[in-house]
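Participant: Have a look at this one before I ask anything.
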Amino acid sequence: MIDPGRLRFRLVLEAPVETADDCGGVARSYAAAETVWAAIEPLTTREVLDAEDLGGTLTHRITLRSGVTVTTRHRLTLGARMFRIATVRDPDGSGRFIEIQAQERRD
């Protein structure tokens, strides 16, 4: 069971907004859809050392109350930090919480 007291981070859930560009494609941006309380738990860190790319990707488990629609097309932000949603699931089958595996890029 998840302790609701662990939901101490105030995250902004952002939904994708696609607009037509002048070349027949679309440009994707994000707009704030909802603000949610969440728990954030770091899971792994993968360092990248490449001639063109220096940085790392952190994987987090983010838990929030259910009642909000979240898909892998959405993203979460905490100030300047941005979390790309990889998976969404009900951790214990009760329908009370949503567990998200998300990736955060650190440069």
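The values are calculated or read from the model by the stated rules, or taken from the named source; none is laboratory data. Please read all numbers here as calculations on a predicted model, not as lab measurements. Cβ: placed from backbone, ideal geometry, glycine included. Neighbour counts: every protein chain shown. When the accessible area is computed, the model is the full protein with side chains, heavy atoms only, and any ligands, DNA or RNA have been set aside. Shrake-Rupley method; radii C 1.70, N 1.55, O 1.52, S 1.80 Å.
Participant: Can you tell me how many residues in the stretch 1-48 are surrounded by 14 or more Cβ atoms within 10 Å (Cβ to Cβ) and modelled with pLDDT of 85 or more?
Facilitator: The number of residues fulfilling the criteria is 16.
Participant: Next question, about the same structure. Restricting to the stretch 79-89, count the residues that are closer than 15 Å to ALA39 by Cβ and part of a loop (DSSP other than H, G, I, E, B).
Facilitator: Summing the residues that are closer than 15 Å to ALA39 by Cβ and part of a loop (DSSP other than H, G, I, E, B) in the stretch 79-89 gives 0.
Participant: Now for a separate question. Out of (1) more than 18 Å from ASP3 (Cβ to Cβ); (2) among the charged types (D, E, K, R); (3) at pLDDT below 90; (4) open to solvent by 80 Å² or more (accessible area, probe 1.4 Å), what's the single condition that is false for ASP53?
Facilitator: So the condition that ASP53 fails would be (4).
Participant: Looking only at the stretch 83-97, count how many residues are open to solvent by less than 80 Å² (accessible area, probe 1.4 Å) and of a type outside the set (Gly, Ala, Ser).
Facilitator: 7
Participant: Return the pairs, sorted by first residue and then second, in which the second residue is in a strand (DSSP E or B), the first residue lies in the stretch 24-36 and is basic (Lys, Arg), the beta carbons are less than 6 Å apart, and the residues are 6+ apart or on different chains.
Facilitator: Going by the 6 Å Cβ cut-off, the qualifying pairs are ARG28/PRO16; ARG28/GLU18.
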